[in-house]
Amino acid sequence: MNYTLHQLVVFSIITKTQSITKAAEELNLTQPAVSIQLKNFQDQFELPLTEIIGRKLFVTDFGKEIAAAANNILEEVYAINYKTQAYKGLLSGKLKIAVVSTGIYVMPYFLEGFMQKHPEIELSLDVTNKAKVLESLENNVIDFAMVSVLPENMAIENIQLLQNKLYLVNNTTQTFQQKKHNLSILEKMPLIFREQGSGTRLTMEMFFEKKQLQVKQKLELTSNEAVKQAVLAGLGSSIMPLIGIKNELLNGSLQIIPLQHFPIITNWQLIWLKGKKHSAIGKALLHYINCEKEKIIKKYFNWYEQF
């Protein structure tokens, strides 16, 4: 065997993406360069690592075992690099955070200064729905999670970051009176929902139940961006987090429909498992956020007060 670390990295990315094209994009290489590396790596094994069926690449069972071994080797290599940086007095290593999809409008601003201060840190930021975020947290495969609704059946600790305001929004083809409408208007409107497992969906449904409203679900979509585009296209109205519609409100393509008992307010929270033994990076991030939180909010989110 005479494989290189670069071949291990290339094969690992190929198995993750199951595509030469996507692997090339992620690695910033040409497709022929990735194909050559895969061929050179394959030549060292008697059994096939991948196969092409109908122009689609599949990783064989043997290939999956080799990929798992390759990932273990790469983790050890990364650990050596981190230890070297630590010996030099630099904070380094991996920081893994999972964020609910709308939280992508918030979390990067709380990380920006920290990452600039510690450029040796490798950040993994997974953006998905609340159910998957909490699954990752419960399985302890991430350091922190960011949610807008705290889990009920999980022992966690948290830092509150920013208010999450939710409003009923519509495109601007229809005119609504600027008075505060009664909540009964919600029962007459075709509403666009986020998917099950979304924090926004859960907050909406809890509000409807509390106010005993019978609403009509017109459409269900799997991201905040998809919901926004559907509202802009006139497919219905939706209850959306203010954080994700700033530009559309300012340019006049979306409008907030004034409603009694609105906005619905939750809070963006950085959470972690209770009793978790944080790495030096995790401790440093918590210290940074506790010290800098108010400055970050003032710098990036003062526009919130307009609404």
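Descriptive notes on the structure:
- Residue check, GLU51 in a strand (DSSP E or B), surrounded by fewer than 17 Cβ atoms within 10 Å (Cβ to Cβ) and more than 31 Å from the chain's Cα centre (by Cα): yes
- Considering the conditions (1) touching a residue at least 60 places away in the same chain (Cβ under 8 Å); (2) hydrophobic (A, V, I, L, M, F, W, C); (3) within 19 Å of GLY236 (Cβ to Cβ), ILE192 is excluded by exactly one of them, (1).
- When residues of region 197-235 are limited to those that are part of a helix (DSSP H, G or I) and open to solvent by 40 Å² or more (accessible area, probe 1.4 Å), the one nearest to ILE104 (Cα to Cα): GLU225
- Taken over region 138-157, the criterion of being open to solvent by less than 30 Å² (accessible area, probe 1.4 Å) and assigned to a strand (DSSP E or B) is satisfied by PHE144, ALA145, MET146, VAL147.
- If you filter region 261-307 down to residues that are open to solvent by less than 70 Å² (accessible area, probe 1.4 Å) and assigned to a loop (DSSP other than H, G, I, E, B), you find that the one that is farthest from TYR167 (Cα to Cα) is SER279.
- Out of TYR109, TYR78, one residue alone is of a type in the set (Phe, Trp, Tyr), modelled with pLDDT under 90, surrounded by 13 or more Cβ atoms within 10 Å (Cβ to Cβ) and in a helix (DSSP H, G or I). It is TYR78.
- Checking GLN177, GLN160 one by one, the residue that is assigned to a strand (DSSP E or B) and open to solvent by 30 Å² or more (accessible area, probe 1.4 Å) is GLN160 and no other.
- Subset of region 112-136 (residues that are touching a residue at least 40 places away in the same chain (Cβ under 8 Å), within 16 Å of ARG194 (Cβ to Cβ) and either open to solvent by less than 60 Å² (accessible area, probe 1.4 Å) or part of a strand (DSSP E or B) (or both)): ASN129, LYS130, ALA131
The values are calculated or read from the model by the stated rules, or taken from the named source; none is laboratory data. Just so it is clear, the model here is predicted, and its values are computed rather than measured. Cβ atoms come from the backbone with ideal geometry, glycine included; neighbour counts cover every protein chain shown. Areas reflect the complete protein model, heavy atoms only, side chains present, ligands, DNA and RNA absent. Shrake-Rupley method; radii C 1.70, N 1.55, O 1.52, S 1.80 Å.
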